[in-house]
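Quick note: the coordinates plus some simple rules give every number you see, no bench work behind them. The model shown is predicted, which means the values in this text are computed figures rather than measured ones. Here Cβ is always computed from backbone atoms with ideal geometry, including for glycine, and neighbour counts include all displayed protein chains.
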Amino acid sequence: MAKLWVAIGDHSYRTPVARMDGRFRVPLSAENRSAAGVAAGDAVEVDISLDAALDAYRARAAATDTAIRSMPLDQVSDPDGWAGGHDLRWVVLHLINETARHAGHADATRELLDGTTGE
């Protein structure tokens, strides 16, 4: 099931989307309804767009940069916390590895779609 960024007003969240009865369906949890300021049963207009996804990605990247710059690389997290007892250096290397892996997935998908290959 594909996941994407959905924006309702000023609130955005990542969620799966599924096709059912010829329509695309997006779940909207009580937590996300509350954050978006809509009540159960309200009709909502959902913005699903590349711009929304890029804006959310950039906001998350900025928050990550701020967090990383605020701590020394040898700071160890609580075992039950943000990095399961690893230090920030491990977290940064993990982020680099995950980014490279997902960029590779995108590159492979692009090649399958239109034959374009990287150099």
Net charge, Pro27 excluded, C-beta distance under 13 Å - Lys, Arg +1, Asp, Glu -1: +3
0 to 90° range, to nearest 10: angle between helix 50-69 axis and the chain longest Cα axis: 30
Net charge dipole size for the chain [Lys, Arg +1 and Asp, Glu -1 on Cβ; Debye, nearest 20]: 220
Inter-part distance where the range 57-119 and the range 1-36 are each reduced to a Cα centre, Å: 24
GNM flexibility winner over the chain from Ala61, Ala53, Ala18 (Cα, springs under 10 Å): Ala18
Between helix 88-114 and the chain: long-axis angle, C-alpha atoms, 0 to 90°, nearest 10: 50
Stokes-Einstein D (µm²/s) once Rh is taken as the Kirkwood radius of the range 1-64 over alpha-carbon pairs, at 20 °C in 1.002 mPa s: 171
Alpha-carbon radius of gyration plus Dmax, which is the widest Cα pair, for the range 79-119 in Å: 15.3, 45
Burial ordering of Met71, Met20, fewest other beta-carbon atoms within 10 Å first: Met20, Met71
Largest to smallest principal axis extent of the C-alpha atoms in the chain, angstrom: 50, 43, 22
Local electrostatic count at Asp74 - Lys and Arg +1, Asp and Glu -1, tallied over other residues with Cβ under 9 Å: 0
